[in-house]
Every structure is written in structure tokens, then in C-alpha cells.
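*Asks:* One structure coming up, written as C-alpha cells, with questions to follow.
Nothing in this text is a laboratory measurement; each read-out follows from the coordinates by a stated rule. What you see is a predicted model, and the numbers here were worked out from it, not measured in a lab. Note that each Cβ is placed from the backbone with ideal geometry, even for glycine, and that neighbours are counted across all protein chains shown.
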Amino acid sequence: MTHDERMHELLYSNEGRVEQCERICKLEGLVLDAMASYLALVWITNEHVGCERMEPSSPATIRFRALQQRAKELGVPDA
């Protein structure tokens, strides 16, 4: 399903506002859980190559910061 098709489906579904809000909150939780798992991987990767856990210049940290920024842009709280 394309982005536009999904937007149309969500806009015109019979699903109520409460259900939509519940889904959004659950998706935000999923994003935070995924980011926490990725952060652990960043720490392990950086330590493995001899860097500090959150070495700003490491590729793993740069990628994590990019994902964190995307989550913030989407309005995920505490991202």
C-alpha cells in the first residue's frame, strides 16, 4: 500500500479518534523501544572498536542521532 493510499484509508476509516490516539501512543512506544535497542547496539559497537559509548564522530552514533532527530520531527515525546 502506498503512503497516499494509507493516508486515505486512515482519514476515511470508521475508526474513532480515541482508537487513532491509542494507536499513535502505541507506535510512539514502539519507536522508543526500538531506539533503546539501537542505542544498546551503538554502545556495544563503539566499545568494540575502541571508542567511547557515544563517541560523536562514530558512524553508529551519527546514525543513532539521525534516527533520534527523525523521531523528534515526528513528535515522539522523549525521543
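*Asks:* From the list L41, L67, L11, L30, which residue is over 20 Å from the mean Cα position of the chain (by Cα) and either under 22 Å from A79 (Cβ atoms) or not charged (D, E, K, R) (or both)?
*Replies:* L11 is the lone residue from the list that is over 20 Å from the mean Cα position of the chain (by Cα) and either under 22 Å from A79 (Cβ atoms) or not charged (D, E, K, R) (or both).
*Asks:* Name every residue in region 42-58 that is outside any loop (DSSP other than H, G, I, E, B) and either among the aromatic types (F, W, Y) or surrounded by 13 or more Cβ atoms within 10 Å (Cβ to Cβ) (or both), in order of residue number.
*Replies:* Listed by number, the residues that qualify are V42, W43, T45, N46.
*Asks:* Taking region 13-41 on its own, how many of its residues are among the small types (G, A, S) and assigned to a loop (DSSP other than H, G, I, E, B)?
*Replies:* So the answer is 2.
*Asks:* Can you work out which of the residues in region 64-79 that are assigned to a helix (DSSP H, G or I) and touching a helix residue (DSSP H, G or I) at 6+ places or on another chain (Cβ under 8 Å) is farthest from C21 (Cα to Cα)?
*Replies:* Restricting to residues being assigned to a helix (DSSP H, G or I) and touching a helix residue (DSSP H, G or I) at 6+ places or on another chain (Cβ under 8 Å), the top hit is F64.
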